[in-house]
Each structure stands twice: as C-alpha cells, then as structure tokens.
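First the structure, in the form of structure tokens, and then the observations on it.
The values are calculated or read from the model by the stated rules, or taken from the named source; none is laboratory data. For clarity, every value in this text was computed on a predicted model and none was experimentally measured. Cβ placement follows ideal geometry from the backbone for every residue including glycine, while neighbour counts extend to all protein chains displayed. The area values use the complete protein model at the heavy-atom level, side chains included, leaving out ligands, DNA and RNA. Shrake-Rupley method; radii C 1.70, N 1.55, O 1.52, S 1.80 Å.
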Amino acid sequence: MDNLDAARLQMAFTLIFHIVFACIGMVMPFFMVVAHKKWLNTRNPIYLKLTKSWQKGVAIFFVTGAVSGTALSFELGLLWPEFMKHAGPIIGMPFSLEGVAFFVEAIALGFYLYGWDKIPEKFHWITGIIVGVSGVASGILVVSANAWMNAPSGFDYINGEFLNIDPVQALFNPAWFTQALHMTLAAFTATGFAVAGIHAYQVYKNRQVELHKKAFKIAITFGAIAAILQPFSGDLSAKDIAQRQPAKLAAMEAHYETQKGAPLYIGGIVDAEKKEVSYKLEIPKALSFLAFGDFNAEVKGLNDFPQDEIPKVPIVHYAFQTMVGIGTLLLLCGILFFVSLKKKKWWNNKKYWLLFTVLAPLGFIALEAGWIVTETGRQPWIIHNIMKTEDAVTPMPGMIYSFYMYMAVYALLTIAVTWLMSRQIKSLNNSK
Amino acid sequence: MLYVVLFFLMFSLLLYVILAGADFGAGIVELFSSQKNRHLTKKTVYRVMGPVWEANHIWIILMIVILWVGFPNFYNVLVVYLHIPLTLILLGITLRGVAFVFRHYDAYQDQSQILYDWMFRISSLITPIFLGMTFGAMVSGQIVITEDYTNFTFYSLFIQPWLNGFSVLVGLFFAALCAFLATILLIGEVDENTPNIYLKKAKIATLVVVISGFLVLSFGFVQEVYFITNFMQNSYSLGLVALSAVLIFPLLYSIKKEFQIASRTFAGIQVVLVLIAAIIAHFPNLIITTTSEISLLETTATDEVISVLGISLIIGGAIILPGLFHLFKSFNMIKILE
C-alpha cells in the first residue's frame, strides 16, 4: 500500500470514529435536557434518574468526541500538509469559530455536570441547552469547512496561487447549507434511533420498563422527526451536486452514458471495468427529474468525464444505495412510531420493541455511508477541481504504520466505550 | 491586527501551559505518590480539575488553528518534520482524556480502575515530555528541510531532530514544570485535618525544575546548540529567568503563610516568565534548522485573512473568557462554602 492510500485510510478511519462520537455528543444533550425539563415539571424521580444516566453518556461521548476531534485538527496538517498550507488561511474561519463553539460547549458542560444542587435550578437547566446548541453549532461549522472542499470559493486561483482570499465567502460557500442541513438531520436521526433502540431492547427484555419507555419516547421523537424531514434535505443536496459536482452525482447513480431522460438505478452490481450495472431496478427518467426537476433533462455520464477525474464508482454507488435505502426504512419506521402513539396496544407487543432494537445501528450505518459518498465521491480532488489529494499528502514515508497505530487505538477506544455504556445500562437496571 | 492574532497565540500558549500543565502535572504527582496518597491525589484532582479540565485542553486547538490560518508556512514545517512527536502528543492526549473520564464515570468502581489509573498517570507524564521535545526540536538546529528525500535517511529527517539529548532534556524540563505547577495547586486543596503531603512534593518538584533547567542550559552550551548560546547572551531572557528564580522567595513565604491565591499566582508567573524568556530569546525565528532560521512573521497569511482571524478571535474571546471566568469562579466559591 502506498503512502497516499495509507494516509487516506487513516483519515477515513479516524473520521468514521469521530463522526459517531461527535454526533452522539452533539444530539444526546437534547434528550438530556428534555428529560431534565420533565423532571423539573413533574418531579417524577424516574426522569431525574434518566437525566443523570444520560448525562454520564453525554460526558463519555463528549470527551471521546473532543479528543478524537483534537486528533483530527492535528491530522489535517499531519496528513495533508500541502492542503493545509493553502487551504488553512481560507477555511480558518469556520475552524476558529468552531473552536469558540466547542469552548462554550466545554464550559457549559462543566457547569452542567458539576452543577447539580450547587447552582440555581433554572440556570443549571439552561447550561444543558447551551451544551446542545453549541454542539450543533460546532457540527455545522465543521461541515461548512468540508463543504468548501466540495465547493471551493472565497479566493481567486491564478497560476497555482490562492489570491484575494475572502474567508467569509469561503465559510458561506455554495455547499455549506445543503451539507450542514443534511448532516444535522442525519445526526438527530442516527442518534435518536440508536438511543431509542438501546432502550427498546431493555423494554423487550422487561427491565425497568417504565423508565426505558420514557427514555425511548424522548429519543425516538427526535429521531423520527429528523428522519421524516431528511428526504427534503436529500433532494436539495442532490440538485446541488448535480450542478456543482456532476461526476460525483454520476458515480452515486453509476450513470455511465450521457443521456436525456436518464433512468434512476436502484441497487445493482457495478462492473467498473466494463462500465455496466447489472441486476438493477430501473425507474425511467427519474434521475433526470431528481437531479434537475425535469424528466427530460440531460444527465452527463461518467464516460464523458476525463477518466482520471472520476471517483471509484462501485464504492460511491453502493454507499449511496445504502444511505438512501436505510433512510427510507427509517422514515417509514418514524411514521410507524407516530401511529403507535394513537394505537397504544402496540406498545405491549414485544415485536414492536424488537423492531426498534434491530433499527438501532442502522442510522449510523446510513450516516457513515453518506460521508463515504461525499468524501469518496469528491476524489481524486481534495479541493474540487483545484488540488488533487495525491498532491496534498505528507512527504513522510511509512504512513502505513501510523495507520496501524491509529486503527489499534481507535478500535480499543470503541470497545472500551461500548463496554462502559453496557455497564451504565446494567447499573441503571440494577438500581431501585 | 497581526498583533491581536499574535497576542491570542501567545495567550493561548501561556494558558495552555499553565492550565493544561497543572492538569498534566496532577497526573505526574499521582504517579510519583506512595500507594496510599495516590487515592487522595486522585480524589483531589477530580474535585479541582473535574469541571474545568476539558476547557483547559481546548487552548491547544486554538493554538493550532491560529497557526495554520495565520502562519501556514511555519505550521507546514512543524507538521511535516515533527510529524512523529506531534502524533505521540496526540496519542497521549487521547489516552489521558479517556482515562480521566473512564475512571470517574464508569458505573462500577472495580478492578478496571487500576487500568484507567495507570493509563492516566503514564500518559500524564509522557504527553508533556513530548510537548517539550517538540519545542526542543524546533530550536535544536537539527531539522533538515529538503525536497530531496532520497539523499537523507528516514531517521535523519524525521527522528533525529526530536530524539536527541537536547530535545529530551527540554521535554523533561517541561514535565518538571507541569509537576511544579500541580504541586502548588494541590497544596491549597488538602483539608486541614490531614498532613499536607504536597508541601514536600512541591519542594522536590522545584528542585527537579532547577536541576533539569540547569541541565538544558549546560547541555545546550556544551553541545553548542545555537539557541542556547544565543539565549545566554540575551539579556532580556536572562533577566526574566533571574526574576523567575527570585520569585521563589515570595512563593515560599506565601506557601508558609497559606496564602493560596498568592502562591498559585507566583508559581504561574514563574512559569510564564521562563516561557517568555525562551520565546523572546530568538523571536520571531522560532524554528532553527541545520542551515537556516524560519521566522513566524515572515510567512504570515494575507492582511485580509489576518483581519478576519483577529476579529473572530476578539469576538470569540468576548464570549469565552467571561464564561470561563465564571466557571472557575463558581466552583472555587462552592469549594470555599463547603
């Protein structure tokens, strides 16, 4: 494996982990403050217990998110020094603001975690809200920096130099809104279904049913609403990509031949050598409509791009199918949850709880698949149409060992965090 | 606006060294405590650092961001040639952070605590050592900047600059500074009924700081490390170090009189003086390679970028600093009430 592949794998690997930790750390505070508010309103001790147990989860995920984020802020430079040398000044603004938001979050979390019975009740609750809001703000800012790689703006590229830099325009690049919206909704969907799934399993196993049902309801409400809104955001993203990164769109759909009234492929096996897709389900003219809002619009196929400027089609296509497939499933289950609020007897059916247990990991799988689409789909560019990833990588040889080390550390971290969470739940169930 | 940015860079560096330094130092003190005192230290560290330690460590992110936005070429040299020690720092920060949370938030207090504790203590020691080694490497005069990777070995380009006697000594000196800060902090945190074990530790830490500082200077002098010979001719640097040394007397006095705030302030000022002395000795040429010096100021980003960065930092500072102040204040006041 060469240095570039090792560096890319390391970046992918650390991002995949960071995304999970960061999303949970960003969304769970909202569940926590809802439970906290219910405790303040009803003084039902179950809500207090739930709040305190979720806050431990928030603390653990916040720290793992924070340290893996610190690692990433270094890695950007360590792995891609050429990129940071030029892009650093341009995309510094979202990162410095993210630093501020993150700082605010850490301060608020300090108050929240250690403030029980020490600071005024109302103020204490508000610090919890600040944790959540600043977490989401940091998420949006980081995604804006990523969006800049897809839609570079805020500078003039003249003779290989980045001139007339305008950091504000770079922050509000053309892709920031669609990407940030899609990611924020995805974070709520994934975390909502994951947390709800864990509590659903406890209900299924008949442990502390009252508490876990309350927990389930709070988490799934967030997840279900986000899942129902997500297709609208996805549509915005698709239309945006069709304009700005047609090669990415073509790879997502494994669309090789340029044609008018292009069909949409669902599933299928991609043969990148023969440039064919077999065993697919074809919906006539749907791709043209989804991408341009016109059934007869022309969609440029992969064959009409320079062949060294297209991403690896199978990865992007499969990841995209996974994301959309799971997204649709979660949307339907989100609706099912709202229906179940009317049909209370479903809540006594074990299968209901089993269903939501099985759904637990799916949101995160879809979310990671989505990131694989956007990151792999951008290749070979690190800055779209400006700088190639292979020109940005560190000149230091032996990145493969660095990759092995990170893989070992992050794998251990994941095992440790999972183990810790299972102990939290066990302790919650054993408490009276 | 460049001065605003430089101010924030310096400000975050100093705060990181003082706050995170004391935090690292607490782990070092715990590592060098006897079996029965370890538990006491662990409890005290948690009570004092718990609410603030995460915020303490964000200063380094701020530094990194300021460097890459405002001083991209300078930052580029660091990340390319000091890749390995920076990675090791990261590893240390990661393991330490999770160990701290694991040992305080695990639902069960059982055998696994032993693992978390050792992870915490050891990473508390090695992280500041690598931080110091990185600074040592920057000024060691051993970095080779080249485009030609075939004529140099991996060792001479990527290892030798930081893994040498001088850099290692700087690393040890920095770890000693951290331990010194932590002991002064912990002295004020022991309740009145137990004998204050940190008094003795503070004395030892002070001694180690003095000895390792002396070793850095004399080793650098003997090996003719350009930075050190320059440092020793710079009257401002020497003056600051001397002032820092003199402050030991008021520090000892305030420790004896149990003026906690005064002793912490003196210790903090001492470390800040040493740090400033090291930085101004060669400012702005903060990277010294085998053949040249790289100035922080020579390769700044354009004026527009610096302006926007400066404005962001001012706004950010206006949001963060009152909050942070309030956080520190709240939990100190609570402690006094208890």
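Screening the candidates A:Ile129, A:Ile107, A:Ile165 for the property of being of a type in the set (Val, Ile, Thr) and more than 13 Å from chain B (Cβ to nearest Cβ) yields one hit, A:Ile129.
Residue by residue, here is whether (1) within 12 Å of chain B (Cβ to nearest Cβ); (2) over 25 Å from A:Ala369 (Cα atoms); (3) under 20 Å from the mean Cα position of the chain (by Cα) holds:
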{"site": "A:Cys23", "(1), (2), (3)": "no, no, yes"}
{"site": "A:Val27", "(1), (2), (3)": "no, no, yes"}
{"site": "A:Val33", "(1), (2), (3)": "no, yes, no"}
{"site": "A:Val58", "(1), (2), (3)": "yes, no, yes"}
{"site": "A:Phe62", "(1), (2), (3)": "yes, no, yes"}
{"site": "A:Val67", "(1), (2), (3)": "yes, no, yes"}
{"site": "A:Leu72", "(1), (2), (3)": "yes, no, yes"}
{"site": "A:Leu79", "(1), (2), (3)": "yes, no, no"}
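Please indicate, with yes or no, whether at least one residue in region A:313-334 is within 19 Å of A:Leu4 (Cα to Cα), open to solvent by 70 Å² or more (accessible area, probe 1.4 Å) and in contact with a helix residue (DSSP H, G or I) (Cβ under 8 Å, 6 or more places away or on another chain). Scanning region A:313-334 turns up at least one residue that is within 19 Å of A:Leu4 (Cα to Cα), open to solvent by 70 Å² or more (accessible area, probe 1.4 Å) and in contact with a helix residue (DSSP H, G or I) (Cβ under 8 Å, 6 or more places away or on another chain). Do we have any residue at all in region B:160-172 that's open to solvent by 70 Å² or more (accessible area, probe 1.4 Å) and either farther than 21 Å from B:Ala262 by Cα or part of a helix (DSSP H, G or I) (or both)? Yes: one or more hits.
In the set B:Gly97, B:Gly70, B:Gly92, only one residue is at pLDDT 85 or above, under 21 Å from the mean Cα position of the chain (by Cα) and among the small types (Gly, Ala, Ser); that residue is B:Gly92. Count of region B:90-107 residues, restricted to those that are more than 7 Å from every other protein chain (Cβ to nearest Cβ) and of a type in the set (D, E, K, R), is 2.
Sort out which residues of region A:381-399 are open to solvent by 30 Å² or more (accessible area, probe 1.4 Å), within 14 Å of chain B (Cβ to nearest Cβ) and in a helix (DSSP H, G or I), and write them in order of number. Within region A:381-399, A:Asp391 is the sole residue that qualifies.
Just one of the listed residues (B:Val222, B:Val308) is without any contact (Cβ under 8 Å) to a residue 24 or more places away in the chain, of a type in the set (A, V, I, L, M) and under 20 Å from B:Phe74 (Cα atoms), and it is B:Val308. Among the residues in region B:44-59, are any among the hydroxyl-bearing types (Ser, Thr, Tyr), facing chain A (nearest Cβ under 9 Å) and either open to solvent by 20 Å² or more (accessible area, probe 1.4 Å) or closer than 21 Å to A:Gly99 by Cα (or both)? No: zero hits.
Only a single item in (1) farther than 28 Å from A:Lys37 by Cβ; (2) within 11 Å of chain B (Cβ to nearest Cβ); (3) touching a residue at least 12 places away in the same chain (Cβ under 8 Å); (4) in a helix (DSSP H, G or I) is not met by A:Gly99, and it is number (3). Can you tell me which residue within region A:112-126, out of those that are within 9 Å of chain B (Cβ to nearest Cβ) and either buried (at least 24 other Cβ atoms within 10 Å of the Cβ) or of a type in the set (A, V, I, L, M) (or both), is farthest from A:His182 (Cα to Cα)? Filtering region A:112-126 for residues that are within 9 Å of chain B (Cβ to nearest Cβ) and either buried (at least 24 other Cβ atoms within 10 Å of the Cβ) or of a type in the set (A, V, I, L, M) (or both), the one farthest from A:His182 (Cα to Cα) comes out as A:Ile119. One residue is enough: does region B:299-318 have a residue meeting the conditions within 14 Å of another protein chain (Cβ to nearest Cβ), under 25 Å from the mean Cα position of the chain (by Cα) and outside any helix (DSSP H, G or I)? Within region B:299-318, one or more residues are within 14 Å of another protein chain (Cβ to nearest Cβ), under 25 Å from the mean Cα position of the chain (by Cα) and outside any helix (DSSP H, G or I).
One residue stands out among those in region A:168-178 that are in a helix (DSSP H, G or I) and open to solvent by 30 Å² or more (accessible area, probe 1.4 Å): the one that is nearest to the other protein chains (Cβ to nearest Cβ), which is A:Val168. Residue count for region B:281-291 under the criterion of being open to solvent by 50 Å² or more (accessible area, probe 1.4 Å) and either over 20 Å from the mean Cα position of the chain (by Cα) or of a type in the set (Val, Ile, Thr) (or both): the result is 2. A single entry from A:Ser288, A:Ser340 fulfils the requirement of being open to solvent by less than 50 Å² (accessible area, probe 1.4 Å), out of contact with any helix residue (DSSP H, G or I) (no Cβ under 9 Å at 6 or more places or on another chain) and either assigned to a helix (DSSP H, G or I) or touching a residue at least 40 places away in the same chain (Cβ under 8 Å) (or both): A:Ser288. For region A:232-279, residues that are in contact with a Pro (Cβ under 9 Å, 6 or more places away or on another chain), part of a helix (DSSP H, G or I) and open to solvent by less than 70 Å² (accessible area, probe 1.4 Å) total 5. When A:Asn349 is tested against the conditions (1) of a type outside the set (Lys, Arg); (2) modelled with pLDDT under 85; (3) under 20 Å from the mean Cα position of the chain (by Cα), the lone failure is (3). Say we look at region B:108-142 and pick out the residues that are crowded, with 18+ Cβ neighbours inside 10 Å and either closer than 21 Å to A:Lys52 by Cα or among the charged types (D, E, K, R) (or both); which of these is farthest from the other protein chains (Cβ to nearest Cβ)? Applying the filter and picking the extreme gives B:Arg121.
The rows are residues; the columns are (1) in contact with a strand residue (DSSP E or B) (Cβ under 6 Å, 6 or more places away or on another chain); (2) under 27 Å from B:Leu273 (Cα atoms); (3) among the hydroxyl-bearing types (Ser, Thr, Tyr).
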site	(1), (2), (3)
B:Met1	no, yes, no
B:Val5	no, yes, no
B:Leu13	no, yes, no
B:Leu19	no, yes, no
B:Asp23	no, yes, no
B:Val29	no, yes, no
B:Ser34	no, no, yes
B:Asn37	no, no, no
B:Lys43	no, no, no
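Taken as a whole, the structure leaves B:Glu30 outside the set of residues that are within 11 Å of another protein chain (Cβ to nearest Cβ) and assigned to a helix (DSSP H, G or I). The condition of being in contact with a His (Cβ under 8 Å, 6 or more places away or on another chain) and farther than 20 Å from A:Ala187 by Cβ holds for only one of A:Trp116, A:Trp80, that being A:Trp116. Among the residues that make up region A:251-264, is at least one of them among the hydroxyl-bearing types (Ser, Thr, Tyr), closer than 13 Å to A:Leu287 by Cβ and in contact with a Lys or Arg (Cβ under 9 Å, 6 or more places away or on another chain)? Yes.
Return the residues of region B:73-89 that are at the interface with chain A (Cβ under 7 Å from one of its Cβ atoms) and either outside any helix (DSSP H, G or I) or within 17 Å of the chain's Cα centre (by Cα) (or both); say none if nothing qualifies. Passing the criteria: B:Leu86, B:Thr87. Looking across region A:400-420, the residues that are under 22 Å from A:Gly69 (Cβ atoms), hydrophobic (A, V, I, L, M, F, W, C), more than 9 Å from every other protein chain (Cβ to nearest Cβ) and touching a residue at least 24 places away in the same chain (Cβ under 8 Å) come down to A:Phe403, A:Met407.
In region A:1-91, counting only helices (runs of 4 or more DSSP H) that sit wholly within it, the ones holding 2 or more residues that are closer than 24 Å to A:Ala226 by Cα and open to solvent by less than 40 Å² (accessible area, probe 1.4 Å) span A:3-42, A:45-79.
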